[in-house]
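Chemist: Structure below; questions to follow.
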Amino acid sequence: MTFFGVILGLGLGTLLAIGDLYGGRVLSIIIKFYVEFFRGSPLIIQLFIFYYSIPNLLGILIDNHTVGLIVFTLNSAAYQKGYIKGAMESVFEDQMTAALSLGLSKAQSIRHVVLPQAMRVVIPAWSNEFASMAKSTAALLVIAVPELTSNLKAIASWTWRVLETYSFGALIYLIWISVVMKILDIIYNKVKIPEIEITA
Amino acid sequence: MADTVLECRNLWKIYGKITAVKDVSLEVKEGDIKLVFGPSGSGKSTLARCLAMLTTPTKGEVILTGENLTRSGVDLNKARARIGFVFQHIWLFHHLTALGNVELGLRQVLKLPKEEARERALQALREVKMEGWAEHYPAQMSGGQQQRVGIARALAMNPEIIILDEPTSSLDPELTGEVVDTLRDLAQKGTTMLVISHEMTFAREVADEMIFIDEGAIIERGPPELFFTNPTSERARRFMARLIKRTRRE
Ligand SMILES: Nc1ncnc2c1ncn2[C@@H]1O[C@H](COP(=O)(O)OP(=O)(O)OP(=O)(O)O)[C@@H](O)[C@H]1O
Ligand SMILES: [Mg+2]
């Protein structure tokens, strides 16, 4: 869940960053509202809103998992948009100009020059994103998606071994987060441009 | 008479309160080498970028072989592909090798097939004597080598004119020589160029016309001999005196 949320969030976040930077004023304002909403309100509230109001509004039934994934994606995208935009802005005004000078279109410049470099800058920020998303999966409890915390709760209430069960849970979180961090580290070192140390 | 490749008429660029380019008109003919110079902040880079339509002029016209680029509806990407540009601060693509830098425009803009793009990119690198560095990344090269790749990147597109914005000013003095040599080679081949530079020895050797700019406007223009012997304007006279003194010291 965390994993897919962050990956989908990356895709959406990238689009948002591009829209904000190059899409004109109106789009930029809309994106700003979107980001404010998802960054400014607690994840639990967002889950509630989507879980209870979307089926009513649209008249469709969606299962818990889908709601969870949608909200995670939207939420993660709001954060990642910030990192990606920052990365694109910081280094890439000049890179964009150089690409345009060759006759590349704006879209081509973004695709072949700006994004490949922005992604490399963003990877360290991703680690944080994964860690915080993994922790917030606990919020899914409220719409009863059987994520780790809720499983633990059930186990704890069966076994009455509350402390052990939750310690075990914490351990699993820890392992999961460090595995993801390690993978990101490997990806980062793999795509890193030789001789350039990127600090984000 | 040779044909006019690139010209501007009554060009202005205004940033808020700053007038960076002030009513500049000039014309570069096929095979011409124009050398633009002037004090720091006088608007040289801005003029160069307007000519390449990398920024939109506030007023005036830019005309590339008869086509008015300042009209609306012009495909600027196509026009930019026909104008080579070499940047003051080099600006290679950091994530691509020398070869990748040169190939990008050939593949994405000219849509050449892989093999052909590679051949042509290697040829361009050869012309700037960087073919041995094809697989290296910018960060692994010296500034002079990077700038030569920058020149190859522009050259490979086979542009009708190359605009070079102070190609040696961000380099250590001992590295400027190799880049100036590359420029000399280009001049020898009859490349149409507008060069912003304060390399006065180079200017005297190759320029057909020198253009002195101050506070955004053309103050004086003429053959190098005019500037080296007896500039008319007081400002050009003083600036030349300073430049020549500096050249002697080096
Ligand atoms: N994007 C911009 N926004 C605002 N002002 C600008 C911008 N670009 C240039 N200027 C201003 O326009 C003037 C001319 O700048 P420009 O870079 O063209 O000078 P230059 O002759 O190339 O100087 P240098 O020799 O230092 O490269 C300067 O006062 C500069 O501050
Ligand atoms: Mg400049």
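The values are calculated or read from the model by the stated rules, or taken from the named source; none is laboratory data. What you see is a predicted model, and the numbers here were worked out from it, not measured in a lab. Here the Cβ is made from the backbone with ideal geometry for all residues, glycine too, and neighbour counts use every protein chain on show. Side chains are part of the model used for accessible areas, which takes the heavy atoms of the whole protein and leaves out ligands, DNA and RNA. Shrake-Rupley method; radii C 1.70, N 1.55, O 1.52, S 1.80 Å.
Chemist: For the structure I just gave you, tell me whether B:L110 is open to solvent by 10 Å² or more (accessible area, probe 1.4 Å) and within 12 Å of another protein chain (Cβ to nearest Cβ).
Modeler: yes
Chemist: Here is a further query. Inside the stretch A:67-95, can you point out the residues that are of a type in the set (S, T, N, Q), under 30 Å from B:F85 (Cα atoms) and more than 7 Å from chain B (Cβ to nearest Cβ)?
Modeler: If the condition is that a residue be of a type in the set (S, T, N, Q), under 30 Å from B:F85 (Cα atoms) and more than 7 Å from chain B (Cβ to nearest Cβ), then A:S90 is the only one that fits.
Chemist: Restricting attention to the stretch B:166-177, does a residue exist that is in contact with a Gly (Cβ under 9 Å, 6 or more places away or on another chain), away from ligand 1 (no atom under 16 Å from the Cβ) and touching a residue at least 40 places away in the same chain (Cβ under 8 Å)?
Modeler: No: the stretch B:166-177 contains no residue that is in contact with a Gly (Cβ under 9 Å, 6 or more places away or on another chain), away from ligand 1 (no atom under 16 Å from the Cβ) and touching a residue at least 40 places away in the same chain (Cβ under 8 Å).
Chemist: Which of the residues belonging to the stretch B:48-67 are in a loop (DSSP other than H, G, I, E, B) and away from ligand 2 (no atom under 16 Å from the Cβ)?
Modeler: B:M53, B:T56, B:P57, B:T58, B:T65, B:G66 - these are the residues of the stretch B:48-67 that are in a loop (DSSP other than H, G, I, E, B) and away from ligand 2 (no atom under 16 Å from the Cβ).
Chemist: To continue, here is another question. Condition first: aliphatic (A, V, I, L, M) and more than 15 Å from the chain's Cα centre (by Cα). Now tell me which residues in the stretch B:16-47 satisfy that.
Modeler: At the first step, the residues of the stretch B:16-47 found to be aliphatic (A, V, I, L, M) are B:18, B:20-21, B:24, B:26, B:28, B:33, B:35-36, B:47.
Within the stretch B:16-47, B:I18, B:A20, B:V21, B:V24 qualify.
Chemist: I'm told B:C50 meets every condition in (1) more than 9 Å from every other protein chain (Cβ to nearest Cβ); (2) surrounded by fewer than 21 Cβ atoms within 10 Å (Cβ to Cβ) except one. Can you identify the failing condition by its number?
Modeler: Only one criterion is unmet by B:C50, namely (2).
Chemist: Can you tell me how many residues within the stretch B:37-46 are closer than 19 Å to B:R204 by Cβ and more than 10 Å from ligand 2 (Cβ to nearest atom)?
Modeler: 1
Chemist: Which of the residues spanning the stretch B:73-107 are in a loop (DSSP other than H, G, I, E, B) and either surrounded by fewer than 17 Cβ atoms within 10 Å (Cβ to Cβ) or facing chain A (nearest Cβ under 9 Å) (or both)?
Modeler: Hits for the stretch B:73-107 are B:G73, B:V74, B:D75, B:R82, B:H89, B:W91, B:L92, B:F93, B:H94, B:H95, B:L96.
Chemist: Then there is this: Which residues, counting only those in the stretch A:96-110, are in a helix (DSSP H, G or I), facing chain B (nearest Cβ under 7 Å) and surrounded by 21 or more Cβ atoms within 10 Å (Cβ to Cβ)?
Modeler: A:A98, A:L100, A:S101
Chemist: Check B:D23 against each of (1) farther than 25 Å from A:D94 by Cα; (2) within 14 Å of ligand 2 (Cβ to nearest atom) and name the one condition it does not meet.
Modeler: Of everything listed in (1) farther than 25 Å from A:D94 by Cα; (2) within 14 Å of ligand 2 (Cβ to nearest atom), B:D23 misses just condition (2).
Chemist: Further, regarding this structure: Look through B:E199, B:E174, B:E178 and report the one residue that is within 16 Å of ligand 2 (Cβ to nearest atom) and either more than 30 Å from B:K59 (Cα to Cα) or loosely packed, with under 15 Cβ neighbours inside 10 Å (or both).
Modeler: Matching residue, one of B:E199, B:E174, B:E178: B:E199.
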